[in-house]
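**Student:** So that we are looking at the same thing, I have put the structure below in structure tokens.
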Amino acid sequence: MYRYDDYDRALVIERVAQYRDQLQRNLAGELSDDEFRPLRLQNGLYIQRHAPMLRIAIPYGMLASRQLRKLADIARRYDREYGHFTTRQNLQLNWPKLEDTADILAELATVEMHAIQTSGNCIRNITTDPFAGVAPDEIVDPRPYCEVLRQWSTFHPEFAFLPRKFKIAVSGTVEDRAVTYAHDVGLQLYRDDQGEVLVRVIVGGGMGRTPILGSVIHDALPWRHLPTYLDAVLRVYNRYGRRDNAYKARIKILVKAIGAEEFARQVNEEWQLERDGIATVTDEELALAAAAFQDPDAPARPARDAGFDEKLASDRAFARWVSRCVRAHKRPGYRSVTLSLKPHGLPPGDITSAQMEAVADLADRYSFGELRVTHEQNLVLADVPLADLYALWQEARKHNLATPNIGLLTDMICCPGGDFCSLANAKSIPIAQAIQAEFDDLDYLYDIGDLELNISGCMNSCGHHHVGHIGILGVDKAGSEWYQVSIGGAQGNTTSLGDVIGPSFAADEVPGVVKKLIETYVEARTPEERFLDTVRRLGVAPFKARVYGESSKKAEVTHG
Amino acid sequence: MADLIRGEALAQDVWTWVKLPDSGEPVRKSAGKVVLFKLTGEPAAADDVIDRCEVPATGKVLIPLSVWLRRHEALAARMAAGEIGVWLDSHEEPAELADSLGGDLNRLPLIGVNFPKFIDGRGFSVGFILRNRYGYRNEMRALGDVLRDQMFFFRRTGFDAYLLRADQKPERCIAALKDFSTPYQTSTDGNVPVFRRRIGQKVPA
């Protein structure tokens, strides 16, 4: 895990001082709300529906147990004893007081944390594979590169006031787990024949109002050029991205307007200015970053464990949990465990202070004091000995962290929605809860199998509905809340955007609609097909027919 | 009255900042690169508006790029006397200015870059380009919505003079030039990236 040195520490402390001054000026009326706004946003502070919301950065999703304990403590003292993990692998507090925010940031700084650039029109927290460093299919550990880019992007003097937010994701595995094609910039690390690390640079993907998959603008960028090349990407965007219309201001619109080829040409031209310059990363510098991400000093373990095998055979509930929440690890005798933050009936991604402390303890005891946040809003203990899985499971169960639903329908991605967010058109948490209630039978869930259901409360797509196998989007129609349903979206190596099945639904209709979609799949599937595969094979039509059926005419009339 | 900071100190401003007259309806036309017009749709001043722009007959004047481009022959003598500075709006192309000067921006003693709104960050890149692509070495002045909370970024991207918005307190803006002691990355300031500094620390002296 990356640890701060004096440079990092000084920057974070100076940032708190700067923010404290800005906050005080705002409270004293010297700094207008309009001018304070972008400044507070770049410190993670939104003014929300009920209260401010503070989004705390968790760089590339890596967290130490002592940091999680501090988050628990902050949530307890400054908020309502819970937090919400987001699809950018960050943590949001929903009820802090504006006047307390500088103190919260100061407390975060004591555990090498901050809320820098978690919002606003700047380069946001960089995300990556939550199984970085432990995944068996990993080609390149993305974390050192993420750290190099974290430092490059933090307070970048040229790019603090971009046309719009800018999100970067990095992946280094065979199976892309970082949604790199749906980011402003996606970086895929791989090796050439000589073992040199190269980067495939994907630009202009994104969700939101205009979902677009990104285009490759450089297929083989040597890694050491990442900062200078990204400077060039950002400079072209900063200068030519639209600023007259927030909906058309993302880089994807620029890339689409001038074409990926022309964009690549402009970037390449711009890049020559800095290429091979001082910001080119040296082997020694990368090694320094990589030193922070060495494997934990874990003893070698046998590949099999008799106790584990025995429990797996005798305890069905444990076996279920293992089948959904435990993943292979690159080292023999170890596994990665996902702790589900999607217990049925509670808001997806929420975690209480007590649970945070429990997870911190579990991390200390079973996984070298570290954990990761996934963009699916769960937590991962990455290095758990096989022999400890049963004990870990029992404890996780006590804290309601062992719902065996990872990758199943109820493991949904869900934004805070209209209950909290002032941007939302519609509520999303009650929809998630209603669907979980509809699919509360574990046997049925297992029969349905792998299914990603994503819910966003508005077009901003924080809930990644475009890439959900089933996507649900809250829309506003004449002041009331409706839900548009799409199917066939996917993340990963075959990323695709879902197709809307038809006119939208009222909130109470949504669980029934999902049920019909699932029934259609169950009836039509071949034995090896996931929901997504069946949709891809059959197209939207049979699903649409089932959902709208005879009432389709009526639906069109009533919902328009 | 707006204060001018040059370097790290309050300075006397001997330049008159000349702006285009209010044109009423801006005409949208291709300014600089075609892409600019197509994408950002920035208003470009019509020729008659540019022609109506009154440039003081004496003293040092900081004039709009569009005025300079249309009148540079008439202004040649004053240019030679060091009385002409040119400012770019945030969407304008440094290349146009460079072309009009045979590529040598250093013939100008002063270039201004306007920040029409503080959230419009294009000027930081314009500054970077003026310094790094065109090798401009003379005074580069931030104009417009020049606020203390941007000072650190102005300086790092290459600005060395700041015409503060009228409500700003100069002493606090000067202090804000040093908001952070050692930034992570490089920019026009040539800051050695922190990763390089860390390596340096490990090398015995």
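Residues checked against (1) β-branched (Val, Ile, Thr); (2) more than 30 Å from B:LYS117 (Cα to Cα); (3) in a loop (DSSP other than H, G, I, E, B):
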| position | (1), (2), (3) |
| --- | --- |
| A:TYR46 | no, no, no |
| A:ARG55 | no, no, no |
| A:ARG88 | no, no, yes |
| A:ALA102 | no, no, no |
| A:LEU105 | no, no, no |
| A:LEU108 | no, yes, no |
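**Student:** Inspect all residues belonging to the range A:287-308 and state whether any of them is loosely packed, with under 12 Cβ neighbours inside 10 Å and at the interface with chain B (Cβ under 10 Å from one of its Cβ atoms).
**Tutor:** Scanning the range A:287-308 turns up at least one residue that is loosely packed, with under 12 Cβ neighbours inside 10 Å and at the interface with chain B (Cβ under 10 Å from one of its Cβ atoms).
**Student:** Taking the stated definitions as given, is A:GLN42 under 30 Å from B:ILE199 (Cβ atoms), touching a residue at least 40 places away in the same chain (Cβ under 8 Å) and more than 14 Å from chain B (Cβ to nearest Cβ)?
**Tutor:** no
**Student:** Follow-up question, since we're still on this one. Within the range B:111-125, is there a residue that is at the interface with chain A (Cβ under 10 Å from one of its Cβ atoms) and part of a strand (DSSP E or B)?
**Tutor:** yes
**Student:** Would you pick out the residues in the range A:383-426 that are in contact with a Gly (Cβ under 7 Å, 6 or more places away or on another chain) and either crowded, with 23+ Cβ neighbours inside 10 Å or modelled with pLDDT under 95 (or both)?
**Tutor:** Matches in the range A:383-426: A:ILE413, A:CYS414, A:CYS415, A:GLY417, A:GLY418, A:CYS421, A:ALA424, A:ASN425, A:ALA426.
**Student:** Of the residues that sit in the range B:88-102 and are of a type outside the set (A, V, I, L, M) and buried (at least 21 other Cβ atoms within 10 Å of the Cβ), which one is nearest to B:GLU73 (Cα to Cα)?
**Tutor:** Top of the filtered list is B:PRO94.
**Student:** Here's something else I'd like to know. Of everything in the range A:444-458, what is surrounded by fewer than 21 Cβ atoms within 10 Å (Cβ to Cβ) and out of contact with any Phe, Trp or Tyr (no Cβ under 8 Å at 6 or more places or on another chain)? Give them in sequence order.
**Tutor:** A:TYR444, A:TYR446, A:ASP447
**Student:** Output yes when any residue across the range A:11-21 is in a loop (DSSP other than H, G, I, E, B) and polar (S, T, N, Q), and no when none is.
**Tutor:** Scanning the range A:11-21, I find no residue that is in a loop (DSSP other than H, G, I, E, B) and polar (S, T, N, Q), so the answer is no.
**Student:** Let me ask something additional. Hey, among A:VAL255, A:VAL281, which residue is within 13 Å of chain B (Cβ to nearest Cβ), over 24 Å from A:ALA182 (Cβ atoms) and surrounded by 19 or more Cβ atoms within 10 Å (Cβ to Cβ)?
**Tutor:** Only one candidate passes the filter, namely A:VAL281.
**Student:** Okay, next question. Would you check which residues across the range A:4-45 are over 17 Å from A:ILE116 (Cα atoms) and surrounded by fewer than 17 Cβ atoms within 10 Å (Cβ to Cβ) and list them?
**Tutor:** Result: A:ASP5, A:ASP6, A:GLN24, A:LEU27, A:ALA28, A:GLY29, A:GLU30, A:SER32, A:ASP33, A:ASP34.
**Student:** So, B:PHE159, is that one buried (at least 24 other Cβ atoms within 10 Å of the Cβ), in contact with a strand residue (DSSP E or B) (Cβ under 7 Å, 6 or more places away or on another chain) and either of a type in the set (D, E, K, R) or in a helix (DSSP H, G or I) (or both) or not?
**Tutor:** Spelling it out, it is not the case that B:PHE159 is buried (at least 24 other Cβ atoms within 10 Å of the Cβ), in contact with a strand residue (DSSP E or B) (Cβ under 7 Å, 6 or more places away or on another chain) and either of a type in the set (D, E, K, R) or in a helix (DSSP H, G or I) (or both).
**Student:** Among the numbered criteria (1) within 14 Å of chain B (Cβ to nearest Cβ); (2) touching a residue at least 24 places away in the same chain (Cβ under 8 Å), which single criterion is violated by A:ARG124?
**Tutor:** (1)
**Student:** Which members of the range B:153-189 meet the condition of being at the interface with chain A (Cβ under 7 Å from one of its Cβ atoms) and not polar (S, T, N, Q)?
**Tutor:** Correct list: B:PHE153, B:ARG156, B:ASP179, B:PHE180, B:PRO183, B:TYR184.
**Student:** Considering each of A:GLN67, A:GLN89 in turn, give the residue that is surrounded by 16 or more Cβ atoms within 10 Å (Cβ to Cβ) and in contact (Cβ under 8 Å) with a residue 60 or more places away in the chain.
**Tutor:** The match here is A:GLN89.
**Student:** Does the range A:365-378 include one or more residues that are crowded, with 21+ Cβ neighbours inside 10 Å, among the basic types (Lys, Arg) and at pLDDT 95 or above?
**Tutor:** So far as the range A:365-378 goes, yes, one or more of its residues are crowded, with 21+ Cβ neighbours inside 10 Å, among the basic types (Lys, Arg) and at pLDDT 95 or above.
**Student:** How many of the residues making up the range A:513-543 are without any contact (Cβ under 8 Å) to a residue 60 or more places away in the chain and touching a strand residue (DSSP E or B) at 6+ places or on another chain (Cβ under 9 Å)?
**Tutor:** 6
**Student:** Still on this model: Residues in the range A:350-373: is at least one of a type in the set (Asp, Glu) and within 26 Å of A:LEU442 (Cβ to Cβ)?
**Tutor:** Yes: the range A:350-373 contains one or more residues that are of a type in the set (Asp, Glu) and within 26 Å of A:LEU442 (Cβ to Cβ).
**Student:** Only one of B:ARG156, B:ARG148, B:ARG122 is touching a Pro at 6+ places or on another chain (Cβ under 8 Å) and without any contact (Cβ under 8 Å) to a residue 40 or more places away in the chain; which?
**Tutor:** B:ARG156
**Student:** Would you please name the residue that is farthest from the other protein chains (Cβ to nearest Cβ), looking only at residues in the range A:8-25 that are touching a residue at least 12 places away in the same chain (Cβ under 8 Å) and in contact with a Ser or Thr (Cβ under 8 Å, 6 or more places away or on another chain)?
**Tutor:** Top of the filtered list is A:LEU23.
**Student:** Select, from A:ASP276, A:ASP295, the only residue that is among the acidic types (Asp, Glu) and under 21 Å from A:VAL384 (Cα atoms).
**Tutor:** A:ASP295
**Student:** Could you list, in sequence order, the residues of the range A:437-457 that are small (Gly, Ala, Ser) and outside any helix (DSSP H, G or I)?
**Tutor:** Residues satisfying the conditions are A:GLY449, A:SER456, A:GLY457.
**Student:** Can you confirm whether A:ALA300 is over 31 Å from the mean Cα position of the chain (by Cα) and either assigned by TED's automatic domain parsing to the domain that holds A:VAL201 or among the aliphatic types (A, V, I, L, M) (or both)?
**Tutor:** yes
The values are calculated or read from the model by the stated rules, or taken from the named source; none is laboratory data. The model shown is predicted, which means the values in this text are computed figures rather than measured ones. So basically every Cβ, Gly included, is an ideal-geometry build from the backbone, and we count neighbours across all protein chains shown.
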